[in-house]
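Taken together, the values in this text are just the output of simple stated rules run on the coordinates, not laboratory data. Model, not experiment: these values are computed from the prediction. Virtual Cβ from ideal backbone geometry, glycine too; neighbours counted across all protein chains shown.
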Amino acid sequence: MTKKLSEQQLLAIELILEDGMSALATADMVGETPETVEKWLADYHEEQDEKLRFQEAELIVMQKRIDELQEEIAIHRAMYDLIMDRPDPASEKQAKEYWAKMSDKLKHKIVTNAFCIDCGATIITDYVMQGGEEGIILYGKCGKCGKSMATSVEV
Ligand SMILES: [Zn+2]
């Protein structure tokens, strides 16, 4: 639909839009009828509108992608906050006391029932603990992909 405008058409459009000349005077200058010049102008506006609609569509697509990225960032930030909220020594000591009282079977169940949001694996390794009366949280790494992960257990 986009037609390439001729030099003559472009000159006429420039005279009208930028220099404020009338279609009649412009028609004289480019050696065409005023109707032809009016038609050029209408075509030009139509083309500009089309470009604008296309740009708007592109913006909508970009905005959608930005929204998706912001969601991803929010998830990663939440994970980061969780991981960086490292145990304070007192709660780590308490968690270790609870941990020591647990059966090996239960410990095994806890470290093999975590969930990695990156790869879906369920084994947590290299973990540290914090906790209290309500439960224990293990902060560590995914046994498969090595990304940070956490899991918790009520005691
Ligand atoms: Zn993983």
Region 1-64, relative contact order in percent, only Cα pairs under 8 angstrom and at least six apart counted: 25
Fluctuation leader among GLN48, GLN63, GLN130 - the chain, Gaussian network, Cα springs under 10 angstrom: GLN48
Local electrostatic count at GLU56 - Lys and Arg +1, Asp and Glu -1, tallied over other residues with Cβ under 12 Å: -1
Stretch gain in nm, segment ASP126-LYS96, where the contour uses 0.36 nm per residue and the Cα spacing is subtracted: 9.4 nm
Ellipticity estimate at 222 nm from DSSP helix runs (n ≥ 4, -39,500 (n - 2.57)) divided over the chain, nearest 500: -20000 deg cm²/dmol
Nearby aspartates and glutamates by direct alpha-carbon distance to LYS93 (threshold 18 angstrom, same-chain neighbours under 8 apart not counted): ASP85, ASP126, GLU133, GLU134, GLU154
Dipole in debye (nearest 20) - the chain, about Cα centre, beta carbon charges: Lys, Arg +1; Asp, Glu -1: 1900
Least to most buried among GLU46, GLU7 (fewest other Cβ within 10 Å first): GLU7, GLU46
Computed lengthening from GLN8 to GLU71, 0.36 nm per intervening residue step minus Cα-Cα distance: 17.6 nm
